[in-house]
1. Looking at region 430-527, what helices (runs of 4 or more DSSP H) fall wholly within it and have at least 2 residues that are open to solvent by less than 50 Å² (accessible area, probe 1.4 Å) and within 24 Å of Cys541 (Cβ to Cβ)?
2. Out of curiosity, is Asp77 at negative phi, without any contact (Cβ under 8 Å) to a residue 40 or more places away in the chain and in contact with a Lys or Arg (Cβ under 9 Å, 6 or more places away or on another chain)?
3. Within region 174-211, how many residues are in a loop (DSSP other than H, G, I, E, B) and exposed (fewer than 15 other Cβ atoms within 10 Å of the Cβ)?
4. Could you check, for region 217-227, whether at least one of its residues is surrounded by 15 or more Cβ atoms within 10 Å (Cβ to Cβ) and charged (D, E, K, R)?
5. Before we move on, is Ser244 within 37 Å of the chain's Cα centre (by Cα) and farther than 30 Å from Ala164 by Cα?
6. Do we find that Ala543 is assigned to a helix (DSSP H, G or I), among the hydrophobic types (A, V, I, L, M, F, W, C) and within 19 Å of Thr409 (Cα to Cα) in this structure?
7. For region 430-470, enumerate the residues that are free of Cβ contacts under 8 Å to residues at least 12 places away in the same chain and of a type in the set (S, T, N, Q).
8. Would you confirm whether or not region 136-149 contains a residue that is open to solvent by 40 Å² or more (accessible area, probe 1.4 Å), of a type in the set (A, V, I, L, M, F, W, C) and either farther than 21 Å from Arg193 by Cβ or in contact with a Gly (Cβ under 9 Å, 6 or more places away or on another chain) (or both)?
Amino acid sequence: MNFLRRYLHWLHLQWPDGRVEKLPAVRDDGSTRIPGLYVTGDLLGVPLLKFAADCGARVVRTIAADPAFATGRASGDDVADIAIVGAGVSGVAAAMEARALGLRVRLLEASAVFSTIANFPRRKPIFTYPKEMTPAGSLTITADVKESLHEELVAQADRAGIHAEAARATRVLRRGDHFEVEVEGAPSVRARRVICALGQSGDFRRLGVPGESLDKVSNRLHDPRDFAGQRVVVVGGGDSALESAIALCNAGARVTLCHRQASFSRPKPENVDALEELRAAGRLDARMSTQVVEIRPDAVVVRTPAGDVEAVPNDAVFVMIGRDAPLAFFRRSGVPIAGEWTRRAVIGLVAFVLFCVAMYNWKSGGWLGNWFYAHHWWPTNIADLAVAGDNSLLSVVATSASGPSFWYTLAYSALVVIFGIRRIRRRRTPYITLQTSVLMAIQVLPLFILPEIVLPWLGRNGLLPTGFLDALFPVVDYGHGREYWRAYGFVLAWPLDVYNVFTDQPLGWWLGISFVQTFVLIPLIIWRWGKGAYCGWICSCGALAETLGDTHRTKMPHGRAWNRANVFGQVVLAVAVALLAMRIAGWVRPDSWPDRAFPAAMHHYKWTVDVFLAGVIGYGFYFWFSGRVWCRFMCPLAALMHIYARFSRFAIVPDKKKCISCNVCTSVCHQGIDVMNFANKGLAMRDPECVRCSACVQSCPTGVLAFGAVDRSGNVTALDRIPAS
């Protein structure tokens with residue numbers, strides 16, 4: 001048992017397992033499922049002032065360019081062109097852009113213009129990343145300290161004549177050709193379009209421990225000088241917590257920072273460096289892997305890494321663990337929350353899984369397929385369209401089309417091509433263009449045209465040596481007379497495709513091909529380019545995941561429990577290895593127990609793994625859990641490649657100085673990897689789950705990440721030549 005635990009830790013469980021914050025489901029242009037309702041600012045997932053200003057202005061430009069908006073007319077004089085909820089940086093930038101375009105705009109704010117910035121701690125440093133970026137619109141950001149930034153922004157809003165109405169919006173409703181923004185204690189605001197620029201203005205997160213409601217506990221630090229000489233406990237491990245602890249320490253407070261994790265994964269490098277300097281100088285006590293269990297009038301009770309309970313004397317407590325997004329506002333407005341389960345989502349999942357059950361039962365020769373044939377629901381005589389003995393291409397295609405496999409593979413290939421082209425147009429990077437083109441070519445040529453058309457046509461016309469055909473495609477009593485479907489084994493290696501190995505009599509050539517693929521070629525390409533060289537560039541499962549599943553990658557669940565579920569693939573791999581041992585034993589000793597038991601075991605493996613897990617679950621969960629469900633959790637070849645990947649030189653390498661801990665890289669990873677945890681620390685990301693899709697590299701707003709190679713010490717030795725961002 002200890003060996004198994006150590007093995008799984010070495011293989012995968014040692015890697016971090018961060019979570020992704022829940023946010024409203026928003027498209028790249030800020031639009032939502034409700035036409036005319038847009039979201040901008042921090043709720044897009046990038047907590048940067050310049051990005052907030054940029055996306056605020058760009059959303060207004062998107063609205064103005066909409067033909068339906070440009071040609072439409074307001075239904076009354078009291079209907080504004082645009083109502084903006086929230087007067088932070090993004091909301092004011094949107095209002096300034098709307099005013100510049102001559103639109104009638106109403107700006108609603110529950111507190112005050114730029115209230116979030118006004119409530120920053122005194123003299124808080126402002127990080128204006130990326131420094132070379134110039135946001136769209138006229139709102140500029142140059143100051144690097146809280147007070148001067150606030151003055152700068154307020155002055156620009158005043159010059160532009162932007163003033164917010166004091167109003168607390170409760171929800172947004174569509175009313176015919178316009179929206180109504182319901183306001184607490186006041187008449188609704190009517191507008192043709194609505195922009196929600198609320199930011200992270202939800203409730204402060206709470207620890208949920210006794211004593212958290214005491215007067216000495218606060219969630220916001222205004223002036224650190226008020227706590228000079230006092231004993232202060234700061235709880236948290238993000239930028240707010242570290243900045244508060246640093247400011248309090250510099251103001252003369254005796255600070256203890258409590259963080260539940262063993263290291264910092266979210267704060268900016270500058271904040272971590274400043275805190276470590278104070279810690280090294282003995283001016284600050286940072287207690288890692290420490291959990292607060294109770295807050296008393298004179299102390300904070302914590303649980304130490306060793307499991308002991310200790311009381312830390314203090315005069316004030318700052319719980320700086322972030323704020324929840326205003327999700328209730330969006331739920332009331334009908335905007336779905338990304339990854340949140342609703343009755344509609346559950347019904348859709350169940351219905352699609354049932355559809356997949358029927359489709360894969362039909363495709364795999366189950367009872368549904370037999371029922372179709374028995375009741376003549378399927379044209380089994382389609383091959384009769386060709387003249388008997390005709391070896392033309394039409395006759396070959398007609399024969400292939402007489403079975404469900406042809407149509408399934410045709411549909412599969414069509415989806416890869418259609419959505420592959422859409423992916424190339426959407427992402428527009430050299431890496432995506434080349435990778436997707438290769439995936440489409442492999443799926444169409446060796447995985448469809450070769451086994452279904454080319455090989456049968458060559459075989460019928462005597463253009464292939466009989467010895468070659470007998471060795472690779474034995475004669476059978478159906479279809480083309482030979483098992484040309486075995487050609488899938490040229491691409492799909494064992495144990496992903498087991499059928500060329502698990503045969504009644506050993507097929508020597510296929511055994512040799514499978515051995516070279518699985519134990520020579522794949523290890524070599526993984527050592528050089530990582531597991532994604534196969535999963536992301538060759539495999540048909542990966543082809544559909546990277547094309548059809550591209551827009552669903554953010555639906556992959558993250559966290560510790562899901563990270564542990566990754567090891568289920570090792571179980572499937574172990575079953576495949578056990579079946580291989582049974583098959584070899586049956587070949588060596590015919591009519592032995594392994595030989596007699598193998599057919600039943602193989603039957604169960606086919607329906608459990610190949611049909612149910614790979615088909616029904618793998619594709620049934622596609623649009624709810626990302627397209628990599630099978631690849632991440634259950635694929636036996638991926639499980640084997642995880643072992644190979646532990647010796648690979650491939651890594652995603654970060655530029656630590658650029659990382660802003662926005663967590664975008666983690667949120668777009670459809671393998672559930674906590675990419676930000678590596679990037680923030682400046683460590684090469686070598687999690688064996690990585691399939692080299694490049695989403696994290698491309699989506700990073702500050703260009704932190706790149707594909708590369710590292711040595712055993714983690715030092716970067718090379719970077720990829722094909723740009724992935």
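1. 430-444, 508-516
2. The answer is no for Asp77.
3. Of the residues in that region, 9 qualify.
4. no
5. So Ser244 fails the test.
6. Criteria met by Ala543.
7. Passing the criteria: Thr433, Thr466.
8. No, region 136-149 contains no residue that is open to solvent by 40 Å² or more (accessible area, probe 1.4 Å), of a type in the set (A, V, I, L, M, F, W, C) and either farther than 21 Å from Arg193 by Cβ or in contact with a Gly (Cβ under 9 Å, 6 or more places away or on another chain) (or both).
The values are calculated or read from the model by the stated rules, or taken from the named source; none is laboratory data. Since the structure is predicted, the reported quantities are computational estimates derived from the model, not experimental observations. Ideal geometry is used to build each Cβ from the backbone, glycine not excepted, and the neighbour counts take in all protein chains shown. Each accessible area value is taken on the protein alone, full model and side chains, heavy atoms only, with ligands, DNA and RNA left out. Shrake-Rupley method; radii C 1.70, N 1.55, O 1.52, S 1.80 Å.
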